[in-house]
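The values are calculated or read from the model by the stated rules, or taken from the named source; none is laboratory data. What you are looking at is a predicted structure, and each value in this text was computed from that prediction instead of being measured. Every residue, glycine as well, gets a Cβ built from its backbone with ideal geometry; the counts of neighbours run over all protein chains shown.
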Amino acid sequence: MFRTIQNKLICTFGNIMTDLIKKPFNVKEIREQFPALRQKIYGKNLVYFDNGATSQKPQIVLDAINLFYSKENANIHRGVHYMSQKATTEYEASRIRIQKYLNAKKSEEIIFTKGATDSINLVASSYGELLQAGDEIIISAMEHHSNIVPWQMLCIRKGLVLRVAPINKKGELLMEEFDQLLSKKTKLVAITHISNTLGTINPVKEIIQKAHAVGAKVLIDGAQSIQHIKVDVRDLDCDFFVFSSHKVFGPTGIGVLYGKEDLLDRMPPYQGGGDMISKVTFERTTYNELPFKFEAGTPHIAGGICLGTAFEFLESLDMVAAEKHERELAKYAEDILDTFEGLHIIGEAKNKTSVVSFTVDGLHPFDLGTLLDKQGIAVRTGHHCTQPLMDFFKIPGTVRASFAFYNTKQEIDLFVEAFEKSLFMLK
Amino acid sequence: MTIEEKQQEIIEEFNVFDDWMEKYEYIIDLGKDLPIINENYKTEDRLIEGCQSRVWLHSEYKESVMEYTADSDAIITKGIIGLLIQVMNKETPESILKTDLHFIKDIGLQEHLSPTRANGLVGMVKKMKTEALKYINQ
Ligand SMILES: Cc1ncc(COP(=O)(O)O)c(C=O)c1O
């Protein structure tokens, strides 16, 4: 009794503490923490606007990676020696940190994976085993290939039906059409929280409520949301939430699958191997408990620990102010780009994040991207792994500038200058 | 001129450029100027699909040499196609197969011929050679 009260006190106090240590949002100070931003590319100051593809890493994460491999490297969950114990403790502490950040009920609900793609494949393979021929899965027209292909493969394997919720020309989900696709046959809705190509923020809370009303589960692809907006999986009430560490200021090669405990408990293991077992004989193997049931083999230990460090960084940040800054950047860029004749912003949802995708009449995105690159500007061009979405807009691709909170208006000015020069050269 | 001499000529031409933008201005102009392919030849079987830009390549074997025409939807890709054709056109299949296209690297454009660039050019060079292979020893 006394202990729980004490724990509660520590928790509450902890929250107050983290609120207190949040510094006021200051771009200049934040930029200083990202060494990758301070470099020259082809002799020009780097302007990094490809945050949708991956984010740069703060010094605190770089230090953590270095520290782990210099001093703490050991295998986890299997050693009695000091270093193994320490690495295990840190790996599990990271899981708890992520659990708290997402407001998941239990740390057992946080599964470490290789990334968003791996998390989705895990659900498709494992939750997919619980589905039967004729069952339906709904995705949307703006999904990343990672949230299309695993479901297509599952549908072929199990005889399921894949339905696609349409969007309008602004890049917003058509909710009435979505409602009509929902039925008792719907077993899963797998939808992106934020579109990587358009920036659209989908009304996932409403989608989740509606899907639950027909008894369907919901997977939210959070690959583009967790770095921009506060995510609370219990408030959303999603059944699965996936994301990649590398887009949220952590290392590559690691990511997370959040799943509700009862659901994860019912799902068969994904891959077999060490760590995921309870007891192995040649006749029969019993499986380990959550979360280890889904974590076969030696995991990306440094990745898991340092993803925790990335969340420590996020916790120190005033996310509300950071998001406001990002939206201001997007608005600033869009207002300038809008003045260019023949330029079309692709993705004009009312509710969107700091992604600015566009095409220019008569110009190929590849050409623009190549010339911008030579002027030190890193943007992404092409279909952004959303080919069906490009087909919908009848374009081969877009130029996409995706901003993070460490970007600035001055950088947008440099981008616009380089863009004008590129236009002049290409026209 | 041999293929090697043509490569040297391009390298010298590029030597006068001071910076990237000048190089690209030249490539873009090449791309704009080139009447590269007969529209009827823009067919599926002549298409080399890059992830970012697409290339069409048509080849003919005439009087013991290869003749190539090609096109792309991206102008920079088209300009580089222009350079590749300048070097490989009207050459015998034997010399085309033997050629090491080092000039691309020498003028600093190797990224365009790297498989990660996904602009269809790697596939195009491969196809120029496999087409030449068909006519070897004829
Ligand atoms: C919306 C969305 N989903 C999924 C992914 C896949 O992430 P990863 O390649 O890190 O597994 C991405 C990455 O581009 C994405 O933007």
A:Met276 passes all but one of the listed conditions (1) at pLDDT 95 or above; (2) touching a strand residue (DSSP E or B) at 6+ places or on another chain (Cβ under 9 Å); the exception is number (1)
Heads up, the helices (runs of 4 or more DSSP H) in the stretch B:1-117 (entirely inside) with at least 3 residues that are within 14 Å of another protein chain (Cβ to nearest Cβ) are B:20-33, B:75-88
Exercise. Kindly indicate whether A:Lys374 is within 14 Å of another protein chain (Cβ to nearest Cβ) and of a type in the set (Lys, Arg).
Key: yes
Checked the stretch A:132-149 for anything out of contact with any strand residue (DSSP E or B) (no Cβ under 8 Å at 6 or more places or on another chain) and not in a helix (DSSP H, G or I); matches are A:Gln132, A:Ala133
A:Lys169 passes all but one of the listed conditions (1) over 30 Å from A:Met319 (Cβ atoms); (2) within 15 Å of the ligand (Cβ to nearest atom); (3) in a loop (DSSP other than H, G, I, E, B); the exception is number (2)
Filtering the stretch A:324-342 for residues that are more than 20 Å from A:Asn407 (Cα to Cα) and among the aliphatic types (A, V, I, L, M) leaves a count of 0
Of the listed residues (A:Val256, A:Val280), the one being aliphatic (A, V, I, L, M) and under 30 Å from A:Ser354 (Cα atoms) is A:Val256
**Any hit, the stretch A:138-146, residues being outside the structural domain of A:Gly347 (by TED's automatic domain parsing), away from the ligand (no atom under 16 Å from the Cβ), touching a Lys or Arg at 6+ places or on another chain (Cβ under 6 Å) and of a type outside the set (Ser, Thr, Tyr)** = yes
* Answer yes or no: is there a residue in the stretch A:74-82 that is more than 16 Å from the ligand (Cβ to nearest atom), crowded, with 19+ Cβ neighbours inside 10 Å and either within 14 Å of chain B (Cβ to nearest Cβ) or more than 17 Å from A:Leu188 (Cβ to Cβ) (or both). => yes
Counted residues in the stretch A:103-136 being away from the ligand (no atom under 16 Å from the Cβ) and within 20 Å of A:Val164 (Cα to Cα) come to 8
B:Met124: passes all of (1) over 18 Å from A:Asp367 (Cβ atoms); (2) under 14 Å from the mean Cα position of the chain (by Cα) but (1)
Within the stretch A:346-391, residues under 20 Å from A:Leu174 (Cα atoms) and over 23 Å from the mean Cα position of the chain (by Cα) come out as A:Asp391
All-but-one check, A:Phe340 against (1) away from chain B (no Cβ under 14 Å); (2) surrounded by 19 or more Cβ atoms within 10 Å (Cβ to Cβ); (3) among the aromatic types (Phe, Trp, Tyr); (4) more than 17 Å from A:Gly199 (Cα to Cα), failing number (2)
*asked:* Take A:Thr386 and tell me if it is more than 14 Å from A:Ala401 (Cα to Cα) and within 16 Å of the ligand (Cβ to nearest atom).
replied: yes
> What about A:Gly199, is it under 24 Å from A:Tyr258 (Cα atoms) and not β-branched (Val, Ile, Thr)?
Replying inline: yes
Considering the stretch A:245-290, residues that are part of a loop (DSSP other than H, G, I, E, B) and within 16 Å of the ligand (Cβ to nearest atom), and then whichever is farthest from A:Arg95 (Cα to Cα), we arrive at A:Tyr270
Filtering the stretch A:190-223 down to residues that are buried (at least 24 other Cβ atoms within 10 Å of the Cβ) and charged (D, E, K, R) yields A:Asp221
Looking across the stretch B:118-138 at residues that are part of a loop (DSSP other than H, G, I, E, B) and under 24 Å from A:Arg380 (Cα atoms), the single one that is modelled with the highest pLDDT is B:Gly120
Check: Taking the condition within 16 Å of A:Ile110 (Cβ to Cβ) and touching a residue at least 40 places away in the same chain (Cβ under 8 Å), does A:Phe340 pass?
Finding: no
Across (1) more than 18 Å from A:Pro388 (Cα to Cα); (2) acidic (Asp, Glu); (3) in a loop (DSSP other than H, G, I, E, B), A:Glu129 clears everything bar (3)
For A:Gln152, the lone unmet condition from (1) out of contact with any helix residue (DSSP H, G or I) (no Cβ under 8 Å at 6 or more places or on another chain); (2) assigned to a strand (DSSP E or B) is (2)
Checked pairs for the stretch A:376-387, first within 12 Å of A:Ser422 (Cβ to Cβ) and among the hydroxyl-bearing types (Ser, Thr, Tyr), second in a strand (DSSP E or B) and within 15 Å of the ligand (Cβ to nearest atom), C-beta under 8 Å and 6 or more apart or across chains, list as A:Thr381/A:Thr398; A:Thr381/A:Arg400
Checked pairs for the stretch A:416-427, first facing chain B (nearest Cβ under 10 Å), second loosely packed, with under 12 Cβ neighbours inside 10 Å and modelled with pLDDT of 95 or more, C-beta under 6 Å and 6 or more apart or across chains, list as none
Considering the stretch A:407-427, residues that are surrounded by fewer than 24 Cβ atoms within 10 Å (Cβ to Cβ) and not in a helix (DSSP H, G or I), and then whichever is modelled with the lowest pLDDT, we arrive at A:Lys427
